[in-house]
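Heads up: the structure comes next, in structure tokens.
The values are calculated or read from the model by the stated rules, or taken from the named source; none is laboratory data. Owing to the predicted nature of the structure, the values given are computational and were not obtained by experimental measurement. FYI the Cβ positions are ideal-geometry reconstructions off the backbone, even for glycines, and counts take in every protein chain you see.
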Amino acid sequence: MLFVSSQVLAKPWLDAGDMKLRHELQLLSDARLLDSPLTTWPLAAKDIHENLKEPVKDSPMLPALRQAYANVKQRLKEEDYNSSFKITADARSQELLIRDFSGEGREKYSVSYDGEWGNPFIDLRLKATVADETDHPDDSAFRLDESYIASDLGNWKITVGKQSRYWGPGWDGSLILSNNARPIPSISVENVLSKPDEDDFFLLRWLGTSKLHAFVGQLESDRGIPDAKLIGTRFTFRPFKSLEIGLHRTIQWGGEGQDESFSDFTKTFFSVRVEEQDGALGTVRGNQIAGLDFRWKLPVGGTSNHYSLYGQYIGEDRVDGSILLGDEVFMLGGSVAGYSKKLQGSWRAYLEATDTSAGSYKGRDRNNIVYNHGSYTDGYRYLDVSMGHGIDSDSQMVSAGLILNQNNGNFWRGWVKHAKLNEDGVGKNPIAPNGKEWSAVGLSLEKPLNIDTKINLGVQLISERDYSSKRENDVGISLGFTKSF
């Protein structure tokens, strides 16, 4: 058992994948009760605590805001952490082909022990999991995903471990970095508090609350270029309370047989290695993706409903044009949230459309580009799973989701997804090597049994057809259990 001090501190990070917490934080943010940027996960718990305001103004949304405020405060209060560890078990009849922000469904079964310990100087988390493993040589049934050790250096948090990251405003996927794949071992740095000081440079004050996150990670050894590095940076800011903007960039670099000198990294980072391009794809040897995203809380709906528009853009590295003018792909979405007296809870509905065929919005698809590379032949993947959007390369998906967060603690989710995967049927796309049309309708419930125990139930109807075969229909069920001690 993990040792626990007499005063257990709240953990420093709020994990990617918690749909309920994300829904509640977004409600508070849209009501101008939380100023923290919310599109770079994991979130710093201390920053949420410092920027959270209690709802007092009467409105139709007040019951939802009070519920969200109480639940978030419960997560953040140090004295409420009276348990040192928890055990989680999940089982399902089949893995989910395309995962969303929840990150659920990667394996058919998993059992994990999750223990935490902290003091004013260091935070330690040990999460040991046994899960259904894949056929990849570097995969293992035993894993330490989400384990880390972290420490503060002024307003900066330095973390070493295996954390899932999710960058962007989408609910059903992120083009740049998501928790679709398992987390990679990495070292990261991020500013803890996002609010600028009064004596900061005027530009920082104008940008509003802001977050800078950077990491260097290690990819697996059994790939085209073994032990390649993944480097990522993201800057998010809120110049207005209704608008959040994110700028991001990731680079696959180095690895066995590659130059890993500081000089080489500098050239790659500043994109001056055109003379060492790959002839087939016209890319520099380092595989780079960059772009931006936004979330705008629309000035409609008054105090009864929250409407928002959001989107994400990435471009692959090219030598025949700027990274912002090359092989671009997009995700666009919108959402509305409110409170229902009849259903006794807050709700959210969203609609998203994603296209990972480069340049398709211009009417000139360039297939086998996005998430693929001539030198890094395994592409933008970890253990053969896309580190970006779950639909992988040369695919389109339209999805809709509905969330209901009831006052009694029940958390319902429903979704509909339709995707055309790897449309040309060639190139690398591990979830649809020969192309596939895929649809799913699902419903899940997270239900607390008491203050320390909750269960998760889910069902999903799936219909899919390879472009060379007949349509197949299936039903998937899932069951999860979490117990805190």
Only one of Tyr69, Tyr113 is in contact with a Pro (Cβ under 6 Å, 6 or more places away or on another chain) and over 25 Å from Leu443 (Cα atoms), namely Tyr69
Given the criteria under 21 Å from Thr233 (Cα atoms), of a type outside the set (Asp, Glu), within 15 Å of the chain's Cα centre (by Cα) and at pLDDT below 95, does Trp41 qualify?
no
Here are the criteria: (1) modelled with pLDDT of 95 or more; (2) surrounded by 15 or more Cβ atoms within 10 Å (Cβ to Cβ). Tell me which single one Val111 does not satisfy.
(2)
In the stretch 447-474, what residues are in a strand (DSSP E or B) and among the aliphatic types (A, V, I, L, M)?
Leu449, Ile455, Leu457, Val459, Leu461, Ile462
Within the stretch 253-275, identify whether any single residue is at pLDDT 95 or above and either more than 19 Å from the chain's Cα centre (by Cα) or surrounded by fewer than 21 Cβ atoms within 10 Å (Cβ to Cβ) (or both), and answer yes or no.
no
Is one or more of the residues making up the stretch 165-175 of a type in the set (Asp, Glu) and over 26 Å from Gly334 (Cβ atoms)?
no
Residues that are hydrophobic (A, V, I, L, M, F, W, C), modelled with pLDDT of 95 or more and surrounded by 16 or more Cβ atoms within 10 Å (Cβ to Cβ): does the stretch 466-477 have at least one?
no
Tell me yes or no: at least one residue of the stretch 399-408 is out of contact with any His (no Cβ under 9 Å at 6 or more places or on another chain), outside any loop (DSSP other than H, G, I, E, B), over 19 Å from Phe101 (Cα atoms) and not basic (Lys, Arg).
yes
Those residues of the stretch 151-189 which are surrounded by fewer than 20 Cβ atoms within 10 Å (Cβ to Cβ), over 20 Å from Gly246 (Cα atoms) and out of contact with any Leu (no Cβ under 7 Å at 6 or more places or on another chain), in sequence order:
Ser151, Asp152, Leu153, Gly154, Ile158, Val160, Pro185, Ile187
